[in-house]
Amino acid sequence: MIFTPVKWIQSLVVSSYRIVASHIAHLSAHTLGWVSIILLHFSAVPTLISILVAQNDKLPPVDLILFIWAALITLFFKSLIERNFLYVATNCVGFCAQTVIMSLILFK
């Protein structure tokens, strides 16, 4: 069997799709939602920690923080409505951690 470049690319795409589809099937929508909450909470943490240890003096933009917190509050109320207590607990821990870091910066 002779492979032409088009056939080779098609076979590569099909095999790549099968590999991705078989691995993505193991993830659930809840897992991806939980990861997105964690990533949203950690989006401002590196900047806040660098300010806390005096490595940086530039705060993150207020509009960015407001949008992140608005998204997190929206996800919090969504999880309350759905009664998904893993999301609720994750959001509560994240809000508490961010509040502690910001208060340490404020009262430093």
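The values are calculated or read from the model by the stated rules, or taken from the named source; none is laboratory data. Predicted, not measured: the structure shown is a model, and the values here were computed from it. When we count neighbours, we look across all protein chains shown, and the Cβ atoms used for this are built from the backbone with ideal geometry, even at glycine.
Residue under question is Val13, and the condition is that it be over 16 Å from the mean Cα position of the chain (by Cα), loosely packed, with under 10 Cβ neighbours inside 10 Å, part of a helix (DSSP H, G or I) and modelled with pLDDT under 85; does it hold?
no
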#### Entry: Cβ-Cβ under 8 Å pairs, at least 6 apart or on other chains, region 36-55 side touching a residue at least 24 places away in the same chain (Cβ under 8 Å) and farther than 16 Å from Cys96 by Cα, far side of a type in the set (A, V, I, L, M) and not in a helix (DSSP H, G or I)
Ile51/Leu59
### Task
Within region 65-85, work out how many residues are surrounded by 13 or more Cβ atoms within 10 Å (Cβ to Cβ) and of a type in the set (A, V, I, L, M).
6
### Task
Output yes when any residue across region 30-37 is out of contact with any Pro (no Cβ under 6 Å at 6 or more places or on another chain), at pLDDT below 85 and outside any helix (DSSP H, G or I), and no when none is.
no
